[in-house]
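The values are calculated or read from the model by the stated rules, or taken from the named source; none is laboratory data. Quantities reported herein were computed from a predicted structural model and do not represent experimental measurements. So basically every Cβ, Gly included, is an ideal-geometry build from the backbone, and we count neighbours across all protein chains shown.
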Amino acid sequence: MNMNDTGYMIKNLIIAAALLVTAGTACSQNLSDMRSKHPAAKDNDHGEYRISRSDSEWKDILDPLQYEILRRSGTERAFTGELYDNRKPGIYYSAATGQPLFASDSKFDSGCGWPSFFEPITEGVILYRTDRSHGMIRTEIIDSSSGSHLGHVFDDGPPPTGLRYCMNSAAMIFVSADEEPHGRVKDYMENHASEEERMSVKRFLDSRK
């Protein structure tokens, strides 16, 4: 091989490397942007929460699936969650803390395979942040009491909000309207709930009497 051949090969290798870098940059810039454009779903995660636990404490109080979803931002398989097709009247609470999240009258069948809601039970129980995992850009939703992962929100829901809060069943505890809350839910409502959270739960339950 003469010097001209060697120079030609080096030149081609440099060009190939440059193309790979360019392609990689293009891919990183062309992530599928599925973030909510709704004013209510703007990033507002401040990183400070009323309830804080160590990782080992979370593992002690959550079962393995709950821990994977709530604390490691996992996702249960579509159509497998026990609350996906739940049609009973009641309230859905965070499985991490017992914080009220959604009333059953905001639940709808989206056909996506996960429990879906069009609005939270009251303002402030959900926080929003940008999620760039899995080759997508989405709006992640977390509970405001502990920063635990719940799911994502999208702009393809029904009126009046046009939002679809796509939730993991394992991230929630459901308490039907004719049941008394217990365990984590009872503790939260007695010791941590804001006045607005208490009033929102009361209003819903009173409407069912």
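Descriptive notes on the structure:
- Qualifying residue in the stretch 177-188 (condition: over 22 Å from A78 (Cα atoms) and buried (at least 22 other Cβ atoms within 10 Å of the Cβ)): yes
- Close pairs from the stretch 70-90: first farther than 17 Å from H149 by Cα, partner assigned to a loop (DSSP other than H, G, I, E, B) and of a type in the set (K, R), Cβ under 8 Å, at least 6 apart: P89/R208
- Filtered residue count, the stretch 119-141, keeping only those that are of a type in the set (A, V, I, L, M, F, W, C), under 21 Å from R77 (Cα atoms) and either surrounded by fewer than 23 Cβ atoms within 10 Å (Cβ to Cβ) or modelled with pLDDT under 95 (or both): 2
- Residue in the stretch 120-137 that is in contact with a His (Cβ under 6 Å, 6 or more places away or on another chain) and among the small types (G, A, S) present: no
- Meets criteria (under 12 Å from M172 (Cα atoms), assigned by TED's automatic domain parsing to the domain that holds R184 and modelled with pLDDT of 95 or more) for D63: no
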